[in-house]
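Visitor: Dropping a structure here in structure tokens format, bear with me for questions.
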Amino acid sequence: MIHFFLLQNRQGQTRIAKWYSPFEHAEKKKLQAEVYRTLIQRPSKYTNFVEFRNYSVIYRRYKGVFFIICCDPSDNEMAMLEMIHLFVDTLNDYFVEVCELDLVFNFYKVFALLDEFILGGELQESSKRVILDRMALIGDFEKKSK
Amino acid sequence: MSIKLRELIRNVRACKSSAEERKVIFKECALIRTSFKEKVDTGLRHRNVAKLLYIHMLGYPTHFGQMESLKLIASPKFIEKRIGYLALMLLLDETQEVLMLVTNCLKNDLKHKNPYIVGLALCSMGNISSADIARDLSNEVIRLFRSGNPYIKKKAALCAIRIVRKVPEMISDFIEPASSLLSTKQHCVLVSGIALIIEMLQLKKKTASKFRKLVPQLVRHLKNLLLAGYVSEFDVVGITDPFLQCKIIELLRLLGTGSSRASEEMSDILAQVSINTEPSKNPGNAILYECVQTIMAIDAEDGLRHLAINILGRFLLHRDNNIRYVALNTLCGVIHTDTSSIQRHKNHIVDCLKDPDVSIRRRALDLIYALVTKNNVSGLVRELVNYLSVTSGDEEFKRMLTDKIVLVTEKFTPSKLWHLNTLLSLVEIAGEVTRESVAANAVLVVGHNATLQPYAVHRMYSSLKKQVVPSEALRRLAIFLIGEYGNHLVSAEGTASANKNRNSESKQEKFVQKTPEEVIGTIKYIISRPTCTPKVKAYVLNALVKLSTRFSGASEQELIAGLIKKYTSSMSVELQQRSCEYTRLLELGNEAVKSKIVSTMPTPEKLIRQTEKKVGEDDDDDDDDDDDEDEDEDEDEDEDEDSEEEEQDTRSKRKHRSTKKPAKKTTPKIEQKAAAAAKPA
């Protein structure tokens, strides 16, 4: 299962953090800092998989933002990498050429999208079209209920 | 006056310093707090909570917002519910008691007509529900399994995963609903359903028998995916829904282990997937990886297994680091069943050991350790030791590598000389990270083989002199050997014997016979260095007193006595004690007694295994007690102290013992003294 999902920029600021396992508030901060320190040192040619404490961290950098998944070591790492790619693809379509600023100003939308994509630490939906359709529907419903 | 979320974000980003940022945040927090206290519902509560969430994401404390989020969840407006649930997931987790208050709201929302609201409730439940909430609401979730809407079904399935994780007793309730989920054609429901079944199988292996009847269905689904052609919705670089394929194969793995009938049913489709999947892109490799793991786990026939190992072999040669990592990982898992076929790839694995990426290096190390056999041990260990000498920086990796080398040498040793050589090389190259047992085992091997003694002492002496800053382990080992076997250093036969054992291929220089003054001079140099620890100094004093019998000349005796005497007023009690006693011993002049005390140390019989035991845990009586017994009858109190010192010495070296030898018979006096001597050690 996925334990947490982070989006961090090159300076170490966490833009989005979604936790699927319970951690103390102080521990969350420590984890974020540690993950950042581990990843920032690795050159891009190294593998995208790191052994971190007793978890497995899979990451990829897109335009200055690290997309980080922390999961159990028994999970299929390459499938996780594909998940990251699908998420980025969906974000790109939703925000039309997404950039870091989109993530900052529309964080609640990113969370909503993430909730359509991963639930309880497992993959929920593998089709980009369905996720985007759903987001559009919910957006319409919200406008109507205002 | 409340500002929009966007404004707040812009203001915070415009701050030039963290103090300014704190000011803005605290001002906004105060405004939000006052607005929360207001009785009248201004309709802006969701905006305030959204701002609060942003502040929380920046890392500031926001506990006062928890109750507000509960109020929002209870609101009938969708936009407020949405923010409320988001706040719930961000600000709270299952360990907080406030979560219990949400149970009723969740129950109502799960029964709601609007599927989006049901979705919201399921989402929150799936992410943060505690065991109590899980128990209360499980019936609702099971009911939602039967809903017609796939959107709700998939969320319910994933919610169920959390429920069974938190309350494993409820697994039996979910078996039937989960199996029924698989009869759908919807990919999302399939993915979630399979994830639920996988979770149940991992928590309770006995359920496998109930799920095995689903294997034909799963095989059919997989076949459809393979033959589907291009489905734009799920297509990823030409492969239809790789996520679903991976999940199906994972579930087949769990169902196929231990059941030959199920394994038979799935072998065909696994072979098909392995052959037809495109390995050029990442999704294809993900599927192949999953496939290989499954083939190795089930009772597959040989042809299929060979196919899997070939795929792994191809992975090893891939340029992409990720794929090599994954291949090494899998090979580690299957090494025990198919060792021979993996030996072919030995060279590639050794190359992986030299990769700059530390993740790959670690995997390669584990794999090499598993690959070592009697035949290739000398070649592989030579590679490993060479690698150890060029690797630098990564301390932890060095330690792991030395540990593995030691384990391997203990298991397969072609000859005593080779064993000794390897241990000595380890101490020379990586002394800082080797365990105590490495030096101790080297001493043991030397002790058992008299022919190797001159070689060992000559080699250690040269290393000691050559290295600019020798490691602590190297110093201690070298000094101990010099003390024990110093006579070989200064004799012609000793030097000749050492040169005979020297490996002429390696770059070792020829050993030269030393003079006693040279040896004492080296020791003096070692002890005078500022980097010399008190422990090493203690070793030096021991070595010196032993050398007093090994070297016969009068001038050497004077030098030794002089050196030892310097420490009679040392600040360290240990050194002072040793120095005083040895000086007294030397002054006594009784040659017979002296030679008996400082004669060669008896060696224990068994190799010391690397265990996790700490100092003082296993204070066995050992061989020395016998010698002590003999000596005790002859000598008086002083000499007794000396033998205790020697015993203490060996105790400090023999920290780890895996076998408890039966205690040899000792007199109570000795045992008391041994206990007293061992305490300060």
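Each reported figure results from applying straightforward, stated rules to the coordinates on display, with no laboratory input. Remember, predicted model here, so these are calculated numbers, not experimental data. No Cβ is skipped: glycine too gets one built from the backbone with ideal geometry, and neighbour counts run over all protein chains shown.
Visitor: Counting only Cα, what are the radius of gyration and maximum Cα-Cα distance Dmax of chain A, in Å?
Guide: Considering chain A through its Cα atoms, Rg and Dmax are 15.3, 49 Å.
Visitor: In deg cm²/dmol, rounded to 500, what helix-only [θ] at 222 nm does the protein assembly as shown give when every DSSP H run of at least 4 residues adds -39500 (n - 2.57) and the total is split over its residues? Numbers along the way, then the final one.
Guide: Numbers: 41 runs with 548 residues, N = 827.
After summing the helix terms and dividing by the residues of the protein assembly as shown, the value is -21000 deg cm²/dmol.
Visitor: Additional query: Mind pulling up the Rg/Rh value for the range A:1-53? Radius of gyration and Kirkwood radius, both on Cα. Spell out each step's value before the answer.
Guide: Working: Rg = 11.5 Å, Rh = 12.0 Å.
With Rh from the inverse mean 1/r over Cα pairs, Rg/Rh is 0.95.
Visitor: So if I take the alpha carbon set of chain B, get Rg, then get Rh from the Kirkwood formula, what is the Rg over Rh ratio?
Guide: On the way: Rg = 36.2 Å, Rh = 31.8 Å.
Radius of gyration over Kirkwood radius for chain B works out to 1.14.
Visitor: Still on this structure: Using only the Cα atoms, what convex hull volume per residue in Å³ does the range B:209-323 have? Write down the numbers at each step before the final one.
Guide: Working: hull volume 10.5 nm³, N = 115.
Spelled out: Cα convex hull of the range B:209-323, divided by residues, is 92 Å³.
Visitor: If you don't mind, there's one more thing I want to ask. For A:His3, which sequence-distant residues (separation of 5 or more, or a different chain) have an amide H within less than 5 Å of its own amide H, given hydrogens modelled in the peptide plane?
Guide: Answer set, sorted by chain and number: A:Cys70, A:Cys71, A:Asp72.
Visitor: On alpha carbon coordinates alone, what is the Rg over Rh value for the range B:35-151, Rh being the Kirkwood radius? Walk me through the numbers on the way to the answer.
Guide: Values: Rg = 14.4 Å, Rh = 14.7 Å.
With Rg and the Kirkwood Rh in hand, the quotient comes to 0.98.
Visitor: My understanding is that a pair violates if its Cα-Cα distance is over 19 Å; which of A:Lys63/B:Lys247; B:Lys113/B:Lys153; B:Lys166/B:Lys205 do that in this structure? Don't skip to the end; give the middle numbers.
Guide: Numbers: A:Lys63/B:Lys247 30 Å; B:Lys113/B:Lys153 15 Å; B:Lys166/B:Lys205 17 Å.
Those over the limit are A:Lys63/B:Lys247.
Visitor: Take peptides B:434-441, B:339-346 and line them up by average Cβ neighbours within 10 Å, highest first, as a rough protection proxy.
Guide: B:434-441, B:339-346
Visitor: Next question. In Å³ and rounded to a whole number, note down the convex hull volume per residue for the Cα atoms of the protein assembly as shown. Please list the in-between numbers first.
Guide: Working: hull volume 174.2 nm³, N = 827.
Spelled out: Cα convex hull of the protein assembly as shown, divided by residues, is 211 Å³.
Visitor: Among B:373-382, B:121-130, how do they line up from the highest to the lowest mean number of other beta-carbon atoms within 10 Å? Don't skip to the end; give the middle numbers.
Guide: Values: B:373-382: 15.4, B:121-130: 25.7.
By packing density, highest mean first, the sequence is B:121-130, B:373-382.
Visitor: A further question on this structure: Can you give the local net charge around B:Glu517? Use residues other than it whose beta-carbon is closer than 15 angstrom to its beta-carbon, Lys and Arg +1, Asp and Glu -1.
Guide: Working: positive: B:Lys465, B:Lys514, B:Lys524, B:Arg550; negative: B:Glu518, B:Glu556, B:Glu558.
For residues surrounding B:Glu517, the net value is +1.
Visitor: I would also like to ask the following. Which ³J(HN,Hα) values in Hz, rounded to whole numbers, follow from the phi angles of the range B:185-198 under the Karplus curve 6.51 cos²θ - 1.76 cosθ + 1.60, where θ = phi - 60° and Gly and Pro get x?
Guide: 9, 6, 4, 5, 5, 4, 4, 5, x, 5, 4, 5, 5, 4
Visitor: List every residue whose amide H lies under 5 Å from the amide H of B:Asp355, counting only residues 5 or more places away in sequence or on a different chain, with H placed 1.01 Å from N in the peptide plane.
Guide: The answer is none.
Visitor: For the range B:92-234, what are Rg and Dmax over the alpha carbons, in angstrom?
Guide: In Å, with Rg to one decimal and Dmax whole: 15.9, 51.
Visitor: Still on this structure, please answer the following. Which ³J(HN,Hα) values in Hz, rounded to whole numbers, follow from the phi angles of the range B:264-272 under the Karplus curve 6.51 cos²θ - 1.76 cosθ + 1.60, where θ = phi - 60° and Gly and Pro get x?
Guide: Each residue of the range B:264-272 in turn: 4, 4, 9, 4, 4, 5, 5, 4, 4 Hz.
Visitor: Could you work out, for the range B:343-498, what percent of all Cα-Cα pairs fall into each 10 Å distance bin, beginning at 0 Å and stopping at the bin that holds the largest distance?
Guide: 11, 39, 32, 15, 3, 0
Visitor: How large is the convex hull of the Cα atoms of the range B:426-466 per residue, expressed in Å³ as a whole number? It would help to have the intermediate numbers written out before the result.
Guide: Working: hull volume 2.3 nm³, N = 41.
In the range B:426-466, the Cα hull volume divided by residue count equals 57 Å³.
Visitor: Shielding of A:101-109 by partners, i.e. mean partner chain Cβ atoms within 10 Å per residue? Present the calculation step by step, with values, prior to reporting the outcome.
Guide: Numbers: counts 2, 0, 0, 6, 6, 3, 8, 10, 0.
Mean partner-chain Cβ count within 10 Å for A:101-109: 4.
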